[in-house]
Amino acid sequence: MPDTLPADSVGLVSTATLHVDTPLQLDCGRTLNNYHLIYETYGTLNQDKSNAILICHALSGDHHAAGYHSMQDRKPGWWDSAIGPGKPIDTNHFFVVCPNNLGGCKGSTGPNTINPETGRLYGPDFPIVTVSDWVRSQSVLADHLGIQQWAAVVGGSLGGMQALQWAISLPDRLRHVLIIAAAPKLSAQNIAFNEVARTAIKSDPDFHEGHYAEHNTIPAQGLGLARMLGHITYLSDEAMGQKFGRELRSGALQYGYDVEFQIESYLRYQSSTFVGRFDANTYLLMTKALDYFDPAHDFNDDLTATMASLQARSLVISFTSDWRFSPLRSVEIVNAMINAGKHVTYAEIEANQGHDAFLMPIPRYMEIFGSYMKKIASEVPSA
Amino acid sequence: MSLRIDLQIISDWIPDGARVLDLGCGNGTLLKHLQQRDISGYGLEIDNGKFAECIASGVNVIQADLDEGLPLFADQSFDFVILSQTLQAMARPDFLLDEIMRVGKQGIIGFPNFGHWLCRWQLSISGKMPVSKSLPNAWYDTPNIHLCTIADFEKMCADKHLEIINRSIVNHAHKDTLGIRLLPNLFGQIAVYHIQKQNS
């Protein structure tokens, strides 16, 4: 934790909660009669409410995108590299809003919140929500904040998919969309990885069909395994090799089954910290939302036709070593936008960090991201 | 700010409202200029710095390597595909020209004329590779690896059954001199061609 807050940090931040009593019709056919969304905001909304940026988070992200909750925090929010004074999403110019998705586990209504109809935790009975459901719920938050049109909706990975869905579903409510390290839908391989992760969680004896809270336990083994697997897909072979290589913890082979290689130790550490901060039912739900995401499905699988409604100008960014959502997946999006005659700018960033590159302050990435955001800033009056 | 000579020629040939693709668009000057006339489209640029400049000026820009062709773009999907001062830097100019005529209904190609008398003079008298205003690099570090003359380019067009709709051959002062009119391949420094497939 820093003794003093960095000058380019949004500083100490607090959360806000929106309670909604208007029922939300979900894609799965069920209805949430009431729900709440927890969110954070950074910067100041200008007079005509035209400088608002919506940040959509990825699978394991949450509403805490930037800054610190207290001086005791070990780390800032998950996208602190991109949000703050002088950073690409410059809080001197923009009013930034980041909600926790419905079905999340950090405060918005989800599996680990109380179902008002039963007085018990939703647990596995929480309906599976989709990317479109998230967009609808986020538009309710926008209404509440008086934001008729976002200056931009921005997201990476699953967050990028939400941003794309925003541009497709509610085209007149955003002027720009930034889709980073995303894909127009998951591939069979992507779904396969998700299914292994879900199987790991569901086959943990402590899972209890999702009712683990009632048994005062958590499926730590299964959730940890799911995270280990996920983490491998977030990094590139090259990045892992550079960071760990074949380095041994104790310097010599032990000829046993305990942790020997540094990479094993790292994965176990990642999984144990994740288990402490994330909910297994939410993990299942988020992976299903990813699997179901396929906006072109409603347009006879024609992605170009899907883009026909777009009004926002788009920036699409991919990373060379990302094999979870490779540059080719971003190119599919760009190609459809071009064929639909839409405004789009596309950059493929040379980076060896794999999918996780979208969270890192890679100079060229920050330059392009920042240039684009500056252009947006020039279109709106500051607060 | 006045446009570079070749860009001014190109701009004059494109009607209002057209849809264009500018290959090797640099900092987006031409596209920005064309936007004022409701001409929309995309630039392709590989250089990082110029790419960021395009973003700053609000030009749609796609980062792409032209040596890989134009796989992002559908057949006949643009009114004009523009390639200015870049043909000579391609690994396979003929392949890119095929791609231009696949994607564009018409093509506009500008290049420095290697047949200009100064180039010929430098090579024949001094015995050294020409260095000029349009070709400022030494032979070993030049990006211009496939230089051609006006005669060479017109032969390639004929071989590929491309019709030359219009051509503009000028010097750096943008003067259409008597010399250029009589002997364009000897006195022209910059050549810009407007082409389309024959019988199209």
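The values are calculated or read from the model by the stated rules, or taken from the named source; none is laboratory data. What you are looking at is a predicted structure, and each value in this text was computed from that prediction instead of being measured. Neighbour counts are summed over all protein chains in view; Cβ atoms, including those assigned to glycine, are modelled from backbone coordinates with ideal geometry. In case anyone asks, the SASA skips ligands and DNA or RNA and just uses the protein heavy atoms, side chains included. Shrake-Rupley method; radii C 1.70, N 1.55, O 1.52, S 1.80 Å.
Once R0 is set to 35 Å, what does the formula 1/(1 + (r/R0)^6) return for the Cβ-Cβ distance between B:R181 and B:F95, expressed as a FRET efficiency to the nearest 0.05? Walk me through the numbers before you get to the answer.
Values: r = 33 Å, r/R0 = 0.94.
My answer for the efficiency is 0.60.
For the pair A:N92 and B:I125, how long in nm is the line joining their label points, each one 7 Å along Cα→Cβ?
A separation of 5.7 nm, rounded to one decimal place.
Provide A:K375, B:K197 ordered by accessible surface of protein heavy atoms (probe 1.4 Å), highest first. Each step should come with its number before you reach the end.
Working: A:K375 55, B:K197 90 Å².
Output order, biggest surface exposure first: B:K197, A:K375.
Can you tell which of A:H208, B:F78, A:L37 lies farthest toward the positive end of the dipole of the protein assembly as shown, using +1 and -1 charges on the Cβ of basic and acidic side chains (Lys, Arg; Asp, Glu)?
Checking the options against the dipole of the protein assembly as shown, the answer is B:F78.
Got a sec? What order do A:K202, A:K87, B:K160, A:K374 fall in by accessible area at 1.4 Å, biggest, i.e. largest, first? Please report the intermediate quantities before stating the final value.
On the way: A:K202 110, A:K87 30, B:K160 60, A:K374 150 Å².
Heavy-atom accessible area, descending, gives A:K374, A:K202, B:K160, A:K87.
Dipole of segment B:1-112, Cα-centred, from +1 at each Lys and Arg C-beta and -1 at each Asp and Glu C-beta, to the nearest 20 debye? List each step's numbers first, then the result.
On the way: 8 positive and 16 negative charges, 51 e Å.
That gives a dipole near 240 debye.
How large is Rg/Rh for segment B:1-140, to two decimals, with Cα atoms and a Kirkwood Rh? Kindly include the intermediate steps, with their values, before the conclusion.
Values: Rg = 16.0 Å, Rh = 16.0 Å.
Across segment B:1-140, the Cα-based Rg/Rh ratio is 1.00.
Per residue of A:334-347, what is the mean number of Cβ atoms on other protein chains within 10 angstrom of that residue's Cβ?
On the way: counts 4, 5, 0, 2, 10, 4, 0, 4, 1, 6, 4, 11, 9, 9.
So the per-residue partner count for this stretch is 5.
For segment B:78-200, what is the convex hull volume of its Cα atoms per residue in Å³?
Values: hull volume 13.1 nm³, N = 123.
Each residue corresponds to 107 Å³ of Cα convex hull volume.
Nearest 20 debye, what's the magnitude of the dipole of segment A:186-341 about its Cα centre given +1 on Lys and Arg Cβ and -1 on Asp and Glu Cβ?
Numbers: 12 positive and 19 negative charges, 87 e Å.
Using Cβ point charges on Lys, Arg, Asp and Glu, segment A:186-341 gives about 420 debye.
Normalised by the number of residues in segment A:245-383, what is the relative contact order in percent for Cα pairs under 8 Å and 6+ residues apart?
Values: 117 pairs, mean separation 23.3, N = 139.
About 17 percent, as a whole number.
Out of A:N51, A:I128, A:W79, whose Cα points farthest toward the positive end of the dipole of segment A:49-150 (charges: +1 Lys, Arg; -1 Asp, Glu; placed on Cβ)?
Of A:N51, A:I128, A:W79, it is A:W79.
Take the alpha carbon atoms of segment A:256-285, find their center, do the same for segment B:1-61, and report the distance between the two centers in whole angstrom.
The two parts, judged by their Cα centres, are 50 Å apart.
Checking an interface number: how much accessible area is buried between B and A, summed over both chains, with a 1.4 Å probe, in Å² rounded to 100? Provide the component values of the computation, followed by the final result.
Values: alone 10130 and 16510 Å², together 25060 Å².
About 1600 Å² of accessible surface is lost on pairing.
Please state, to two decimals, what the Cα-based radius of gyration of segment A:1-60 comes to when divided by 2.2 N^0.38 Å (N = residues). Walk me through the numbers before you get to the answer.
Numbers: Rg = 16.6 Å, N = 60, 2.2 N^0.38 = 10.4 Å.
Compactness ratio reported: 1.59.
Quick check: with the 1.4 Å probe, what order do B:H146, A:H176 take by accessible area, largest first?
Numbers: B:H146 75, A:H176 10 Å².
Largest accessible area first, the list is B:H146, A:H176.
Express the Stokes-Einstein translational diffusion coefficient of the protein assembly as shown in µm² s⁻¹, to the nearest whole number, given a Kirkwood radius over alpha-carbon pairs, 25 °C and a viscosity of 0.890 mPa s. Don't jump to the answer; show the numbers that get you there.
Working: Rh = 26.6 Å.
Once the numbers are plugged in, D ends up at 92 µm²/s.
Give the residue from B:G17, A:T273, B:H194 lying farthest towards the positive end of the charge dipole for the protein assembly as shown; charges sit on Cβ (+1 for Lys and Arg, -1 for Asp and Glu) and the dipole is referred to the Cα centre.
My answer, from the dipole projection, is B:H194.
In square angstrom, what is the accessible area per residue of segment A:215-304 with a 1.4 angstrom probe? Intermediate results must be reported in sequence, preceding the final value.
Values: 5020 Å² over 90 residues.
Ligands and nucleic acids excluded, the result is 56 Å² per residue.
On average, how many beta carbons from a partner chain sit within 10 Å of the beta carbon of a residue in A:55-62?
Numbers: counts 0, 0, 0, 0, 0, 0, 0, 0.
Mean partner-chain Cβ count within 10 Å for A:55-62: 0.
I'd like the distance separating the alpha-carbon centroids of segment A:126-192 and segment B:101-129, in whole Å.
Spelled out, the Cα-based centre of one part sits 50 Å from the other.
Once you keep just the Cα pairs under 8 angstrom separated by 6 or more residues, what percentage relative contact order results for chain A? Each step should come with its number before you reach the end.
Numbers: 770 pairs, mean separation 70.0, N = 383.
The normalised contact order for chain A reaches 18 percent.
Partner chain Cβ atoms within 10 Å, averaged over the residues of B:50-63 - can you pull that number for me? Working shown, then result.
Values: counts 0, 7, 8, 1, 2, 12, 6, 2, 8, 3, 10, 6, 10, 8.
Mean partner shielding for this stretch: 6.
At A:H36 and A:S187, where each label point lies 7 Å from the Cα along Cα→Cβ, what is the point-to-point distance in nanometres?
My value for the distance between the label points is 4.2 nm.
Run the accessible area of the protein assembly as shown with a 1.4 Å probe and give the carbon-and-sulfur part as a rounded percent.
Working: 13070 of 25060 Å².
So the carbon and sulfur contribution to the accessible surface is 52 percent.
Determine the calculated [θ] at 222 nm for chain A from helices alone, applying -39500 (n - 2.57) to every DSSP H run no shorter than 4 residues and normalising by the residue count; nearest 500 deg cm²/dmol.
Working: 10 runs with 127 residues, N = 383.
Theoretical 222 nm ellipticity from helices: -10500 deg cm²/dmol.
Please give the Cα centre distance for segment A:1-32 versus segment A:340-364, rounded to the nearest Å.
25 Å
Taking a cut-off of 15 Å between Cα atoms, list the aspartates and glutamates near A:K374, but don't count ones fewer than 8 places away on the same chain.
Here the aspartates and glutamates satisfying the reach criterion relative to A:K374 are A:D90, B:E53.
Beyond 15 Å, how much of the Cα-Cα pair distribution for segment A:256-311 remains, as a whole percent?
Numbers: 1072 of 1540 pairs.
Above the 15 Å cut-off, segment A:256-311 has 70 percent of its Cα pairs.
What percent does the relative contact order of segment A:296-348 come to when contacts are Cα pairs within less than 8 Å and at least six residues apart? Present the calculation step by step, with values, prior to reporting the outcome.
On the way: 60 pairs, mean separation 22.7, N = 53.
Normalised by residue count, the contact order of segment A:296-348 is 43 percent.
Under a straight-distance cross-link criterion of Cα-Cα below 20 Å, which lysines are reachable from B:K160, leaving out those fewer than 8 residues away in the same chain?
B:K105, B:K197
Taking a 23 Å limit on the Cα-Cα distance, which of the listed pairs A:K75/A:K375; A:K106/A:K185; B:K32/B:K133; A:K185/A:K288 fall beyond it? The partial results should precede the final answer.
Values: A:K75/A:K375 30 Å; A:K106/A:K185 26 Å; B:K32/B:K133 25 Å; A:K185/A:K288 12 Å.
Over 23 Å apart, Cα to Cα: A:K75/A:K375; A:K106/A:K185; B:K32/B:K133.
Using unit Cβ charges (K, R positive; D, E negative) and no other charged atoms, how large, in debye to the nearest 20, is the dipole of the protein assembly as shown about its Cα centre? Numbers along the way, then the final one.
Values: 44 positive and 61 negative charges, 247 e Å.
For the protein assembly as shown, the charge dipole is close to 1180 debye.
Would you check the accessible area of B:T177, probe 1.4 Å, heavy atoms only, in square angstrom rounded to 10?
50 Å²
How long are the three semi-axes of the equivalent ellipsoid for segment A:40-111, computed from the Cα gyration tensor as the root of 5 times each eigenvalue, in whole Å, largest first? All intermediate terms of the calculation are to be shown ahead of the outcome.
Values: eigenvalues 90, 51, 20 Å².
For segment A:40-111, the ellipsoid semi-axes come out as 21, 16, 10 Å.
How do A:250-258, A:117-125, A:276-284 rank on mean C-beta neighbours within 10 Å, highest first?
A:276-284, A:117-125, A:250-258
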